Structures are given as structure tokens and as C-alpha cells.
Amino acid sequence: MRILFVNPPVGFGYYSMGLSRPPLGLAYMAALLPEHHVEIIDFNIEKKNWKRFPFAGFDIVGVSADTARYSTSIKIARLAKAAGATVVMGGPHVSFFDEDALLGGAADYIIRNEGEYSFRSLVRYLSHEIPIEKVGGLSYVANGAVVRTPNEAFITDLDSLPFPARELLPLRSYKERIDGRPMTTIITSRGCPFNCNFCSSSQFSGVRWRPRSVDSLLEEIDLVYNKYDYKAINFIDDNFTLNPDRAAKISERMIAGGYDLYWEAMSHVETVVKNPAWSR
Ligand code: B12
Ligand code: SF4
């Protein structure tokens, strides 16, 4: 199968402010599909116009949709569908609101929540290898109504996932820096236990915090540092310091490994100020 993943353009603020980061979620899904031809297009970065993009060259077009970019995602999905591709949408917005894109005819399928295993199963279904009921977290239309298969289980062993397929991304075109050093991103955990009522993270990724092992993380840091030559990393977890001992251990391992690294991460203020070791 020829598969294209699309990161729709933001079209305001963030990229002009220099916040330009690769769509790692799409690269994670791509890494699980080695037997297929997979491409990722990030319309924030590539100097290509999505209105004239040759979607017809792909069997499946997967479009990412958060709320801020939902209307653009829908337009891209419609174009891809008009070009004859099977259109799949995923991401935070459509995970919670799947009806509009499906009943409005923009998408053939929606994958809810984490995409890796559900999308791979959907490709198997579309390749006539498994029945549709075996695709977890799938929404689609049958007889004019939205049908939903049961949610796919959250991936508890994140170490079992292959590293994101960074080779499919134009990494050097992302210009964000930390103190002058070109920066890239790594995700070390998913899920958030705080369940704040204004935030989608705990609903989307689960209230159970799912950290990767420090060994797996150091392996990816080494890859990013040596193979891709990045000396600055943004850990884009929702809460990198939830387990302060783990965060300290990661720092110690970076120092012990001799990495000359700048890094930054998001945190929950309590995990810092209420940690006796850090609040002195
Ligand atoms: C890093 C980040 C950013 C970065 C850039 C994004 C990037 N490229 O890395 C910056 C700083 C620019 C940013 C900006 C904003 N962000 Co932000 N961001 C994140 C963050 C922390 C991590 C994203 C990530 O890489 N996650 C990890 C990967 C593995 O997950 P993923 O990208 O979601 O992809 C998985 C699934 O969503 C799904 N999937 C995604 N796309 C597709 C496509 C298909 C076809 C399929 C099948 C599946 C699928 O499968 C993937 C693999 O599991 C998330 C929170 C989070 N924990 O996810 C918020 C988050 C995405 N951001 C959010 C928000 C609100 C914003 C802003 C609107 C903030 C603001 N008030 O201005 C802006 C909007 C920018 C825009 N898109 O227009 C919300 C979105 C909520 C929503 N309703 O859509 C989130 C979920 C935070 C939250 N807790 O609510 N953000
Ligand atoms: S602590 Fe942060 S990521 Fe977690 S639910 Fe609250 S706002 Fe969202």
C-alpha cells in the first residue's frame, strides 16, 4: 500500500514564533508499517501547497486533526477523498468528535486515541487480511450511522514501540533552537494522572502515567545525538518530572554518558516545588 500521513498547516502564530516541531505521532505510526511505502508531509515545513498536492498517488491518506487545525484538516481530507484515496483521520479532535468528519463525508475512517496499533490493523483490514471488527478504536459509517469498535487498549509497554521513523521527516527544516542549538523532540511518557477539567490529555492518553524505561530513552537520546547530530532536545511529554527520581536518573545518565546536551521539558509545578530535593 502507498500511505501518506499529513500534518496540516497551523496557519498562525506558532511556526512564525519559531515553535516548529516534527509530528512525532505520525512518525511513530509510520515506524510500524515497514512493509508499506509510507510518506509524511508536514505542510508547516514543506514548501508545497496542500490545495494542489497530488493525493491521487496514495491508496491511504491519513490526516491529523487537533481542534485548532480541524477545519483545514477537513478540507485536506475532502481533497484526498476526491482524488480517490481512502481517507483516515486521527488525533485529539476527531477522537472526541468523530461524527462530523464521518457523516459529512470528509473521512472514511477515524482512529480514536493512540494510533499506532489501530492504524496498522486498519491497513491490514484494507489489505483484506483481517475483519473490520479486529480494528480497535475505529469509527466508520454503516447504514447511515456511525459505528464504533471498542477502544484499543493504551500501550502500557511503550518500550515495545519502534522509535519514530525520523528518516521520513525533513528534520533539518525544523528551525527551533535551545540557546542557539538546533533542537529536536523525544517523547518519554504518555498519560497524565491529574485529569484537569480544561485539558484533554488524561481523557486522550489515560489517567495512568506510562513512562518509558530510562534505558530505552537513553538509546533514543544516543540515536538523536549521534546519528541525527542534535545537541538539544525538547522532551514533549505532558509532565516530564512526574516521577522526580526518574527525571533525575535520566539527567544523571546523560551526564555519565558524556552527552553535551541542552534540554527542556514541560512539568507540573507541584512535582518541582513540593520535591524536597529540588525546592531548596
Ligand atoms: C508538542 C505539542 C505542541 C507543539 C507542536 C506540536 C508538535 N508537532 O509536536 C506546539 C507547542 C507548537 C503546540 C501548540 C499547540 N497545542 Co499542542 N501539544 C503538544 C503535545 C504536548 C505533544 C504532542 C505529541 O507529540 N504527542 C505525542 C504523540 C505520540 O501523540 P499525537 O501527536 O497525539 O499522535 C498520536 C494520536 O493523536 C494519533 N494521531 C495523530 N494524528 C493522527 C493521524 C491519523 C491518520 C491517525 C490514524 C492517528 C493520528 O496517533 C498518534 C500516535 O499515537 C500535546 C499533548 C500530548 N500529550 O499529546 C499537545 C496538544 C496536542 N496541544 C494542544 C493544544 C490545545 C495546542 C494549542 C492550541 C495551544 C494554544 N492554546 O495555542 C497550540 C495549537 C497549535 C496547532 N496545532 O495549531 C492540545 C490539543 C487538544 C485538542 N482539542 O485538539 C493537546 C492535546 C494538549 C492538551 N493537553 O490538551 N503543541
Ligand atoms: S497536569 Fe497538565 S497535562 Fe495533566 S491534565 Fe492537567 S493540564 Fe493536562
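The values are calculated or read from the model by the stated rules, or taken from the named source; none is laboratory data. Treat the numbers as computed from the prediction; the structure is a model and nothing was measured. Reconstructed Cβ throughout: ideal geometry from the backbone, glycine too, with neighbour counts over all protein chains shown. Ligands, DNA and RNA are stripped out before the accessible areas are found, and what is left, the full protein with its side chains, is counted by its heavy atoms. Shrake-Rupley method; radii C 1.70, N 1.55, O 1.52, S 1.80 Å.
Of Y70, I40, T86, which is farthest on the positive side of the dipole of region 15-98, counting Cα position, with +1 on Lys and Arg Cβ, -1 on Asp and Glu Cβ, and the Cα centre as origin?
Checked the options; the winner is Y70.
Roughly how many whole Å is it from the C-alpha centroid of region 44-112 to that of region 135-182?
Result: 14 Å between the Cα centres.
In terms of the ratio Rg/(2.2 N^0.38 Å) built on C-alpha atoms, what value belongs to the chain? If you can, show how the numbers build up before the last one.
Numbers: Rg = 19.3 Å, N = 280, 2.2 N^0.38 = 18.7 Å.
Taking the Cα Rg and dividing by 2.2 N^0.38 Å, one obtains 1.03.
Where in region 156-183 does the amide nitrogen come within less than 11 Å of the point 7 Å from the Cα of K231, taken along Cα to Cβ?
180-182
With a 1.4 Å probe and all protein chains left in place, how much accessible area per residue does region 2-148 have, in Å²? Please list the in-between numbers first.
On the way: 6430 Å² over 147 residues.
Result: 44 Å² of accessible area for each residue.
If I model a spin label at H37 and F96 as a point 7 Å from the Cα along the Cα→Cβ vector, what separation in nanometres do I get?
Distance between the two pseudo-spin positions: 3.8 nm.
Return the distance in nm (one decimal) between the two label points of a simple spin-label model at E252 and D59, each offset 7 Å from Cα along Cα→Cβ.
About 5.0 nm, to one decimal.
Strictly under 4.7 angstrom between C-beta atoms: which cysteines of the chain have no such partner?
C192
Students often forget the sequence filter, so: which lysines lie under 22 Å Cα-Cα from K175 once same-chain residues fewer than 8 apart are removed?
K175 reaches K47, K48, K227, K231.
Starting with the highest mean, order 63-71, 152-160 by the number of other Cβ atoms within 10 Å, averaged over the residues of each peptide. Don't skip to the end; give the middle numbers.
Numbers: 63-71: 19.9, 152-160: 14.7.
Answer by packing, highest mean first, reads 63-71, 152-160.
Using the Cβ atoms and a cut-off under 14 Å, what net charge is assigned to the surroundings of C196, where Lys and Arg are +1 and Asp and Glu are -1?
Numbers: positive: none; negative: D238, E270.
Summing Lys/Arg as +1 and Asp/Glu as -1 gives -2.
Using per-residue counts of other Cβ atoms within 10 Å, averaged over each peptide, order 81-89, 260-268 from highest down. The partial results should precede the final answer.
Numbers: 81-89: 19.8, 260-268: 15.2.
So the order, starting with the most tightly packed, is 81-89, 260-268.
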